[in-house]
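Scroll down for the structure; my scribbles are underneath it.
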Amino acid sequence: MEGLAEIVMSGFQPDAVPVFKQLVSEFAVCDRWFASLPAATQPNRLYVHAATSHGATGNDTEQLIKGFPQKTIMESMHEAGHTFGIYYQYPASTFFYRNLRKPKYLKHFHQFDLLFKKHCKEGKLPNYVVIEQRYFEVSGLPANDDHPSHDVSEGQKFIKEVYEALRSSPQWNEILFLIVYDEHGGFYDHVPTPWQGVPNPDDIIGPEPYNFKFDRLGVRVPAILISPWIEPGTGMCN
């Protein structure tokens, strides 16, 4: 399916419901979607586009700056002759993948506020789209990533902005819009995390002292699937 748009956000807030309530009632929400590993933000984000954190179990600033070496879905798309685009506000966390810093990929990075709506309107969205919101507060521009202690209403407004742009695009009938979170923000959940039959993606073992084997998932996180092909009221899906 062309025009896959994905938004990766950090830290679910249960009171962020006005926009989500409408989207869930009209499309689908998954009740068995779990974080890739029981760890912090960046290892889970690394999994999103590469299916592995390459051994990272924490937010290793030095390694993030150096860049992680694992191959991403963006590179696979490029090799297969498909297009991808990363629309960022600031900064683009996808630069934590070392390979995406290569000059041949830099043209795929777009400033969200300048080009996303334009590309939607013109029907020029790539086959695989990554949308990166504002993770930090700066003067006059509040963060909109739903992460505590940021105003969750800003995250809701941003999702609505993205949704309305996609829905008005001539590509709408070819789009699956996927909203996911990297971790749950510390809230209690009665659903246990899967710990059996989870394969280690690359046989890498985490660092001392825990030597994590990457053989279990993390906490349950929200995932909303939005597409004109999803019937209204689909509700929960596994």
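The values are calculated or read from the model by the stated rules, or taken from the named source; none is laboratory data. Bear in mind the structure is a predicted one, so any value in this text is a computation, not a measurement. With ideal geometry, Cβ positions are generated from the backbone for all residues, glycine too; neighbour counts draw on all protein chains shown. With ligands, DNA and RNA removed, areas are computed over all heavy atoms of the protein, side chains included. Shrake-Rupley method; radii C 1.70, N 1.55, O 1.52, S 1.80 Å.
Values computed for the structure shown
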| item | result |
| --- | --- |
| Check on Gln70, closer than 30 Å to Phe187 by Cα and open to solvent by less than 30 Å² (accessible area, probe 1.4 Å) | no |
| Residue check for Lys117: out of contact with any Ser or Thr (no Cβ under 6 Å at 6 or more places or on another chain), charged (D, E, K, R) and either closer than 18 Å to Asp182 by Cβ or not in a helix (DSSP H, G or I) (or both) | no |
| Selection status of Pro148, buried (at least 18 other Cβ atoms within 10 Å of the Cβ), under 20 Å from the mean Cα position of the chain (by Cα) and either modelled with pLDDT under 95 or in a loop (DSSP other than H, G, I, E, B) (or both) | no |
| Residue within segment 173-193 that is of a type in the set (Phe, Trp, Tyr) and assigned to a loop (DSSP other than H, G, I, E, B) present | yes |
| Residue match in segment 83-104 (condition: over 20 Å from Val180 (Cβ atoms) and small (Gly, Ala, Ser)) | no |
| Looking only at segment 84-105, and only at residues there that are of a type outside the set (D, E, K, R), modelled with pLDDT of 95 or more and open to solvent by 10 Å² or more (accessible area, probe 1.4 Å), the one that is nearest to Glu137 (Cα to Cα) | Tyr88 |
| Residue list for segment 81-102, restricted to those being out of contact with any His (no Cβ under 9 Å at 6 or more places or on another chain) and more than 14 Å from Phe116 (Cβ to Cβ) | Gly81, His82, Pro91, Ser93, Phe95, Phe96, Arg98, Asn99, Arg101, Lys102 |
| Top-ranked residue in segment 62-82 [being under 18 Å from the mean Cα position of the chain (by Cα) and in a loop (DSSP other than H, G, I, E, B); ranked as farthest from Phe109 (Cα to Cα)] | Gln70 |
| Close pairs (6 angstrom Cβ cut-off, 6 or more residues apart or separate chains): buried (at least 20 other Cβ atoms within 10 Å of the Cβ) and outside any helix (DSSP H, G or I) in segment 33-52, at pLDDT 95 or above and of a type in the set (Ser, Thr, Tyr) anywhere | Ser36/Tyr47; Ala39/Thr57 |
| In segment 191-238, the residues that are charged (D, E, K, R) and either in contact with a helix residue (DSSP H, G or I) (Cβ under 7 Å, 6 or more places away or on another chain) or open to solvent by 90 Å² or more (accessible area, probe 1.4 Å) (or both) | Asp203, Glu208, Lys213, Glu231 |
| Restricting segment 157-190 to residues that are within 23 Å of Pro142 (Cβ to Cβ) and of a type in the set (D, E, K, R), the residue that is least open to solvent (accessible area, probe 1.4 Å) | Asp182 |
